[in-house]
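Step one of this worksheet: look at the structure below.
FYI, it's all coordinate maths here, none of it is from the lab. Because the structure is a prediction, the values reported are computed rather than measured. Cβ coordinates were reconstructed from backbone atoms using ideal geometry, including for glycine residues, and neighbour counts include every protein chain displayed.
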Ligand code: IVH
């Protein structure tokens, strides 16, 4: 061990740690970035290298612990100082009114009570203990009294502060502080995590909550470090030293210490506004990037909370108001088999139409033959169906079989239902495939994928029209899209001059496309959006990707051998090269991110409001930041653009009042793709 370390090295390490902590805080707690992701990564790598060279300087508070610690044999246990209670459930507006009445009765008052209402995040509850401003322990809720010690795992989560900030000169950090929050994975993170799992041949997670729980339960924190976990804080355990009067003030104080608080919380409102917020939140639940399953209402005053007290199970000052079920029961009328773009056969249940959370559902996926067998799903069964956001509805379980021996077990066909080619089974992947490259169902599905929202996003080119174009010989691969004859389309059933014109316009608009979307659109097996994005950041032209070797591709972080192999195979086939060539000759312009790295939105501040149609909010944020812009949660004089999607919120009015430039989604896209 070197006894004399150059003081400049020590200084540099301290400086890097301070800067990384500060940028973490800016990024996650106040959503206001100062440096690019690559600059952050560069600083982090420098710190990791220095700590490797000088192990005597390693510290548990260093931001480098985000990469994970050595694996554990098993988790220890942690006793919570104050029991982690659950919440009583309410299911309707009248339940919420009853809660308000009960609160008033208990307090012996007729006056209005002030509540703070919050989204109820659907994740995993944890408690973090800070000693002298440093993260000391992280634990799960467990049975409420005792949880599991997951300290090394929570340290890897970038939104978990390792060191706390002072609120002000006079209000210092309490010497002992216990905070509580919910660890979640966003729907986007869940999708890309499952994409990676499938790529590695591992079983998929059923939903973001299971993915978050599974990721926290890893004995090797390096695995946890690679998972897209996030945390939101909503309260405290033992925090008597904070000397605060209300729940909302408590949350604000936590935010000042560097804890991330949900930005959709409504502070200090009366019961009618609570109900209004509940309605609004339910309507907007899928606009949030992570799953929420209801609203939590809390009596705001901490004195009143103490007066109201708790039962053994839940506090009497709070209630969880669940949203309408996204699960309903219905009957299976039939089961058919769909052929996907990669040739995979998927059993699909046709259902008696049922309204789930405001949407009529008549189909649900059974995933694959094994799933259908495992759940023992048969035609005529009554089943529990679930939908969530834009994911395909799925069957959770059979409720009532009412079987009298006549219902048949589902079997995959031996031949493709579209082209009659014999199907091929892959036991390892639990899949059944049609390998006929001319299979009509497969080609139609490939075109559908190519034109879909996350790929070329060609409005109006959906399943039905694609079927018509294919059946009439106007299209035999996705490359033909850019050569369609408007006159011939006009003649198709249900089309006409105007629709053909609209389609031509949508195709024209789609021709300028990012490299990532282009790669994703090609529909190469195992090359999903996530991997397409990684590749697009690595290669600045098609030629450079065409000349990449297998070894080079598989070494890229996040790609792996399976995707690399599929990509190589796809690109090395003459037929596919010709298809790409035909797309480009049809007028498609690919925008390469690698060469566009130079920031064009340097320092410009964006605020987003409302629903975006052609990209997710996360995607928009990522792209703005990639171009050097900033995204802020609220409109102020410093805002350069308010990007307003459908049904914009109050931010629109504020932007108008402040004279901030308001742009619609098309303009935002144009700016991002310029
Ligand atoms: S407060 C004593 N606030 O819901 C009150 N909980 O069903 C403690 N949850 O275990 C909870 N979002 O994991 C509270 N904004 C929020 C929440 C929230 C999600 C979870 C939490 C708790 C469960 C109770």
Once you order the gyration tensor axes a ≥ b ≥ c over the Cα atoms, which shape class does segment 470-511 get: rounded for a/c under 1.5, otherwise prolate or oblate by comparing a/b with b/c?
oblate
Along the Cα→Cβ direction, 7 angstrom out, place labels at residue 552 and residue 565. What is the inter-label distance in nm?
2.1 nm
Efficiency by 1/(1 + (r/R0)^6): what FRET value for residue 392 and residue 6, r their Cβ-Cβ distance, R0 = 41 Å, to the nearest 0.05?
0.10
Between segment 530-583 and segment 201-257, the Cα center-to-center distance that results, in Å
37 Å
In vacuo Debye scattering of the chain, one point per C-alpha: log10 I(q)/I(0) at q = 0.05, 0.07 Å⁻¹?
-0.28, -0.55
Estimated inter-spin distance, residue 39 and residue 91, nm [label 7 Å along Cα→Cβ]
5.3 nm
Among 113-125, 344-356, how do they line up by average Cβ neighbours within 10 Å per residue, starting with the highest?
113-125, 344-356
For segment 161-303, what class follows from the C-alpha gyration tensor (a ≥ b ≥ c being the square roots of its eigenvalues): rounded when a/c is under 1.5, otherwise prolate if a/b is larger than b/c, else oblate?
oblate
Only helices counted: for the chain, with every DSSP H run of 4 or more residues adding -39500 (n - 2.57) and the sum spread over all residues, [θ] at 222 nm is -10500 deg cm²/dmol
Using the alpha-carbon atoms, what tilt in degrees (0 to 90, nearest 10) does helix 529-538 show relative to the longest principal axis of the chain?
90 degrees
Angle between the chain longest axis and helix 247-256 axis [Cα atoms, degrees, rounded to 10]:
80 degrees
Restricting the count to DSSP beta bridges whose residues both fall in segment 577-652, what percent are antiparallel, rounded to a multiple of 5?
10 percent
Determine the gain in length on full extension of the stretch residue 634-residue 415; use 0.36 nm per residue of separation and subtract their C-alpha separation, reporting nm with one decimal.
73.2 nm
The residues 73, 625, 589, sorted from fewest to most surrounding Cβ atoms within 10 Å, come out as 73, 589, 625
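Can you sort 439, 416 so the residue with the fewest Cβ neighbours within 10 Å comes first?
Sorted ascending by nearby Cβ count, the order is 439, 416.
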Using alpha carbon centers only, segment 413-431 is separated from segment 262-287 by a whole-angstrom value of 49 Å
Burial ordering of 420, 186, fewest other beta-carbon atoms within 10 Å first:
420, 186
Give the percent of DSSP beta bridges with both residues in the chain that are antiparallel, rounded to the nearest 5.
80 percent
Sequence gap at least 6, Cα distance under 8 Å: using those rules, report the relative contact order of segment 420-484 to the nearest whole percent.
21 percent
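What does the C-alpha gyration tensor say about the overall shape of segment 417-565? Classify as rounded when a/c is under 1.5, otherwise prolate if a/b is larger than b/c, or oblate.
Verdict is oblate for segment 417-565.
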Roughly how tilted is helix 496-510, in degrees to the nearest 10 and between 0 and 90, from the longest Cα axis of the chain?
60 degrees
